[in-house]
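Where a number appears in this text, it was derived from the coordinates with a stated rule and is not lab data. Remember, predicted model here, so these are calculated numbers, not experimental data. Note that each Cβ is placed from the backbone with ideal geometry, even for glycine, and that neighbours are counted across all protein chains shown.
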Amino acid sequence: MKKKMLMGIGNEMNGDDAIGVLVARGLKEKLSDWEIIDAGTMPENYTSKIELLKPDILVMVDGIDKEGLMPGDVKIVTKDMLNNLTLSTHSIPLSLLYNYLSQFVPKIIIIGIKIKEHNPYTPCTLPVDKITEKVLKLIIDSKLD
């Protein structure tokens, strides 16, 4: 049986940037055979855990600010797209985290969710339940579960 891990990334104090961690929490019960990590703004703090557990698949869920998408759109982010993302409220860029973790994890998928606002001290404006279902469907349709 494959070891599967999902990491939600985001800042709950910055509006829609919270979406990654909110989706991860929403998927905890729905993906019961997955290790779910709420990494907040410090995903690098979980690299040792990932290295130790050596999952076969790691899915990272994060808010993105990508032109051409509507707020709430869910998209698989390719490695090439990582360098062109403008939003980063995390300690290290996702591209650096991806490159480091790819030494230990054979398959890494980044799911980006288009954000609308990321103003400090504001709540998430996106429909979290609906987006959580979209992410779950993407994981199931991609046969990652």
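Loop-only GluC sites (Glu not before Pro) in the stretch 35-67, please: DSSP not H, G, I, E or B, and at most 15 other Cβ atoms within 10 Å. In loop regions of the stretch 35-67 (DSSP not H, G, I, E or B), the sparsely surrounded GluC sites (Glu not before Pro) are GLU67. From the alpha carbon centroid of the stretch 99-145 to that of the stretch 14-53 is 10 Å. Peptides 108-116, 123-131 ranked from most to least packed give 108-116, 123-131, packing being the mean of other C-beta atoms within 10 angstrom over each peptide's residues.
Summing Lys and Arg as +1 and Asp and Glu as -1 over all other residues whose Cβ lies under 15 Å from the Cβ of ASP65 gives a net charge of -2. Checking the cross-link pairs LYS66/LYS143; LYS30/LYS130; LYS49/LYS75 against a 23 Å limit on the alpha carbon distance flags LYS66/LYS143; LYS49/LYS75 as lying beyond it. Sequence-ordered 3J(HN,Hα) estimates for the stretch 124-131 from the Karplus curve with 6.51, -1.76 and 1.60 and θ = phi - 60° stand at 5, 9, 7, x, 4, 4, 5, 5 Hz, glycine and proline given as x. Candidate cross-link partners of LYS3 among the aspartates and glutamates, defined by an alpha-carbon separation under 15 Å and a same-chain spacing of 8 or more, comprise ASP33, GLU35, GLU51, ASP56, ASP145.
For GLU29 and LYS107 in the same chain, what is the full-extension length gain: residue separation times 0.36 nm, less their Cα-Cα distance, in nm? It would help to have the intermediate numbers written out before the result.
Working: separation 78, 0.36 × 78 = 28.08 nm, distance 2.27 nm.
This chain segment gains 25.8 nm when fully extended.
About the Cα centre, and with charges only on the beta carbon of Lys, Arg (+1) and Asp, Glu (-1), how big is the dipole of the stretch 1-137? Nearest 20 debye, please. Working shown, then result.
Details: 17 positive and 18 negative charges, 101 e Å.
So the magnitude is around 480 debye.
Full-extension gain between ASN45 and ASP141, please, as 0.36 nm times their residue separation minus the C-alpha to C-alpha distance.
31.6 nm
Each peptide in 19-31, 132-144 gets a packing score, the mean of other Cβ atoms within 10 Å over its residues, and the list from highest to lowest is 19-31, 132-144. For a test of the definition: using alpha carbon positions, the gyration tensor, and the 1.5 limit on a/c, classify the stretch 6-63 as rounded, prolate or oblate. Oblate, since a/c reaches 1.5 and b/c is not below a/b.
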